[in-house]
Amino acid sequence: MLANIALRSVLKSSAGVLRESGALCSALSAKPWTCSSALLAGPRVSCVAGSFAVPPPVRHYARGAKIRKTGAVSQLSDLPPTALKMDYTAVPLAQTTDDVVKRLLSLELASHTEKLLLKKEQLIAKVQRDENDHSSVEVRVAALTARIRNYQEHLQHHHKDKANKRRMLMAIDRRKKLLKNLRLVRYDAFEKVCEQLGITYTFPPEYYRRATRRWLAKKAFCIKVFKEVQKQKAEQRLKMKQSLAEAAETKSVETN
């Protein structure tokens, strides 16, 4: 009798499991996309009281496109690509040769150094006094300007290049000294150089000092000492006046 009751209970439980598994298979065959999302998401299927619940699929949205920063316009952008290199501009044969050779000798296939050299000569031609002028202050300022702008363009893409940053700052200081001397000697030439090269001259500060904690503490201490000294001097002057007044009173009493 007990064996029959146990057998019936086992058969009922197996039938319930088969019924639930059949419902699961039918649901998975009806909606295959829920099956993939549920399997990818992990153990989310819950069978409570013969029910089958599948959560909605997880949507993974794409990351937004990164906006690239547009840098400043290069100083070499105004050079025409069909122009010849500086070494071949004075050669008459380079002007009459075929197109293939002209392209090989043009700025289209030139290196950055050759383009920079041509740009430097263009800036020098704007400010030089005559054709044979190659060492005046104006020429040196033009050469330093081309080099400084090249350093600035390089540091926009390689901002961690400390060596070139140091060279750029040294060139800027050298150009400032040259412009300062040119302004004191020939002001008309100074204005022409700044106008032709597009340089904005700013006056240097009268006093350079780096405000560190030690310097600020020392300055505060010096101010405090100065005030104490001034206070002592004022007290001494007051005592001196009082002593002079007492001496004058005693002298007037003696005379009377």
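Looking only at the range 90-144, residues that are in contact with a strand residue (DSSP E or B) (Cβ under 9 Å, 6 or more places away or on another chain), surrounded by 14 or more Cβ atoms within 10 Å (Cβ to Cβ) and in a helix (DSSP H, G or I) come to 4 in all.
For the range 139-158, the criterion of a residue being of a type outside the set (S, T, Y) and over 30 Å from the mean Cα position of the chain (by Cα) is satisfied by at least one position.
Within this structure, E131 fails the test of being at pLDDT 90 or above and closer than 30 Å to E191 by Cβ.
Taken over the range 204-223, the residue count meeting the criterion of being among the basic types (K, R) and loosely packed, with under 10 Cβ neighbours inside 10 Å is 4.
The values are calculated or read from the model by the stated rules, or taken from the named source; none is laboratory data. These numbers were taken from a predicted model, which means no experiment stands behind them. In this analysis, Cβ positions are derived from the backbone assuming ideal geometry, glycine residues included, and neighbour counts consider all displayed protein chains.
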